[in-house]
1. Can you report the number of residues in segment 244-294 which are within 16 Å of the ligand (Cβ to nearest atom) and assigned to a loop (DSSP other than H, G, I, E, B)?
2. Answer with yes or no whether residue 460 is closer than 21 Å to residue 294 by Cα and outside the structural domain of residue 232 (by TED's automatic domain parsing).
3. Return the residues of segment 57-108 that are within 16 Å of the ligand (Cβ to nearest atom), open to solvent by 10 Å² or more (accessible area, probe 1.4 Å) and closer than 23 Å to residue 317 by Cβ; say none if nothing qualifies.
4. Give the number of residues within segment 24-37 that are out of contact with any Ser or Thr (no Cβ under 8 Å at 6 or more places or on another chain) and surrounded by fewer than 24 Cβ atoms within 10 Å (Cβ to Cβ).
5. Tally time: how many residues in segment 26-56 are away from the ligand (no atom under 16 Å from the Cβ), closer than 28 Å to residue 113 by Cβ and within 19 Å of the chain's Cα centre (by Cα)?
6. Could you tell me which of the residues 198, 230, 220, 183 is closer than 30 Å to residue 395 by Cα and surrounded by fewer than 19 Cβ atoms within 10 Å (Cβ to Cβ)?
7. If we scan segment 265-278, do we find a residue that is of a type in the set (A, V, I, L, M, F, W, C), farther than 24 Å from residue 385 by Cβ and open to solvent by less than 10 Å² (accessible area, probe 1.4 Å)?
8. Could you tell me how many of the residues in segment 234-243 are touching a residue at least 60 places away in the same chain (Cβ under 8 Å), within 16 Å of the ligand (Cβ to nearest atom) and closer than 16 Å to residue 397 by Cβ?
Amino acid sequence: MWRYWLSLVTLALSGLPVVAHEQRPNIVILLADDLGYGDPSCYGNTQIRTPHIDQLAREGTRFTSFYVSQPVCTASRASLLTGCYANRISMSGALNHLSKVGIHPQEQMLQELLKARGYATACYGKWHLGDRPPFQPTRRGFDDFAGIPYSNDNGPLHPTMPGLPPLPFYRGEKIIEKDPDQAKFTRRFTDLAVEFIAQHQHEPFFLYVPHVMPHVPIFASEAFRGRSKAGLYGDVVEELDAGIGEVLAALRRYNLEKNTLVIFLSDNGPFLSYGTHAGSAGPLREGKLTTFEGGVRVPCVMRWPGKIPAHRICDEPLMTIDLLPTLCQLAGAPLPRRPIDGKDIAPVLFGDKNAHTPHNAYFFYAGDELHAVRSGKWKLHLPHEYLTVNGPTRTDGKPANHGQQKPEAMTSSGLRGIASRHGYKVEKIELSLYNLETDIGETTNVAAKHPDVVQRLLTLVEAARREWGDSLTNTQGQAVRPCGVSE
Ligand code: MG
């Protein structure tokens with residue numbers, strides 16, 4: 001710990017990054033797609049075995065109030081890699097093969113900052129931050145990339161939308177396959193990750209593995225099919241866990257465990273309308289696409305032997321926006337030139353006495369709508385519409401209510417368009433205050449009992465609206481910057 005503070009002090013005095021080469025930690029981020037808060041066994045699942053995620057939790061810290069900024073793939077990843085609320089950089093929602101946008105070239109991303117500090121960098125999995133050339137991973141700081149540019153349902157295997165073009169698989173900037181065998185995804189990304197570690201064992205590296213699974217449509221390789229007690233979904237998660245185990249084994253093999261910070265988390269909550277092909281949010285309300293806890297609170301474990309305490313559970317609220325400033329600090333890399341929203345949470349990760357989240361509050365947007373705010377144990381939902389599963393779910397990988405949609409609804413946009421395509425219906429919530437300490441499932445609105453708390457949170461909401469905007473109140477955010485656009 002003293003070394004960390006000493007390096008901060010020296011950094012401040014000299015204005016130069018001072019972390020010695022051998023002290024710069026390797027950084028490995030393993031990101032699951034749509035994995036629910038209740039899916040890993042260390043988060044209470046009794047049907048799915050995740051011994052390697054559990055091992056990370058035992059050898060490090062398990063975070064129980066770790067948030068993503070938005071409950072959907074693109075926006076969540078944008079925050080993870082820029083340290084900004086997705087709304088600040090105009091990257092809400094989820095991109096598809098028709099999207100012409102991506103992270104603006106002026107935004108400095110985590111991998112670019114680390115690369116400039118001498119890190120070898122690679123991304124294996126699902127990118128989802130723009131598939132046009134200027135936005136591709138290898139133009140944005142990754143030395144190597146293999147994987148898909150957007151979601152795995154963005155192709156002929158989409159569960160409800162026929163006629164989508166083939167799903168491309170890239171190596172670098174070249175499409176090397178179309179409609180790859182999705183049952184091999186987890187194996188492929190694991191092999192690439194292990195190979196990368198072997199190749200770069202003698203220099204600092206940043207390895208980002210945004211796995212495609214368990215986003216629908218789900219697939220497990222033959223070796224894992226039928227192995228779990230939770231059907232195909234369980235098989236898929238167990239294979240993902242085994243892949244994580246192989247990455248951990250590689251770190252051990254090359255004696256890199258001690259100097260490597262490993263972070264495992266999910267990009268958003270489970271896609272509940274897909275029934276047995278979706279995960280579980282455990283005790284949390286709702287899932288993906290909603291700003292209830294089930295959509296934005298994710299499983300997250302971190303290990304860095306000797307730095308991050310082992311056998312610890314940390315319930316302090318934290319968010320992905322905080323990873324970039326924290327990791328840059330640890331690597332001796334400068335922060336981005338443009339303002340960001342995240343803050344250094346190293347003291348919380350390291351278990352320093354009395355360390356708390358450096359934020360007054362975290363804000364939850366769905367697209368451009370500001371839905372909720374969390375401060376301490378309180379979460380306030382502003383009046384908003386949200387998606388909830390429309391009727392009984394299924395076991396065949398199709399969403400609830402499949403086949404019942406009116407064709408014209410398929411063409412509508414926004415919440416209602418998503419609802420009709422993915423088996424949801426739209427509901428409304430009024431101004432509601434929840435005490436997450438006693439009511440993690442957001443079941444009992446206590447706004448009437450705590451008008452002072454509501455007032456305090458509404459003041460924070462006003463400030464957030466002025467900063468990042470809010471389409472529900474037609475507020476333009478003064479901090480909002482444009483995304484990149486390319487033909
Ligand atoms: Mg996702």
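1. Result for segment 244-294: 17.
2. Answer is no for this residue.
3. Result: 72, 92.
4. Residues that pass the stated criteria total 2.
5. 4
6. From the options 198, 230, 220, 183, the qualifying one is 183.
7. To start, the set of residues in segment 265-278 that are of a type in the set (A, V, I, L, M, F, W, C) comprises 265, 271-272, 278.
Still in the running and farther than 24 Å from residue 385 by Cβ: 265.
Keeping just the survivors that are open to solvent by less than 10 Å² (accessible area, probe 1.4 Å) gives 265.
Yes; the residues of segment 265-278 include at least one that is of a type in the set (A, V, I, L, M, F, W, C), farther than 24 Å from residue 385 by Cβ and open to solvent by less than 10 Å² (accessible area, probe 1.4 Å).
8. 1
The values are calculated or read from the model by the stated rules, or taken from the named source; none is laboratory data. Because the structure is predicted, anything quoted here is derived from the model rather than measured. Note that we place each Cβ from the backbone using ideal geometry, even for glycine, and neighbour counts take in every protein chain shown. Just the protein is used for accessible areas: all its heavy atoms, side chains included, with ligands, DNA and RNA removed. Shrake-Rupley method; radii C 1.70, N 1.55, O 1.52, S 1.80 Å.
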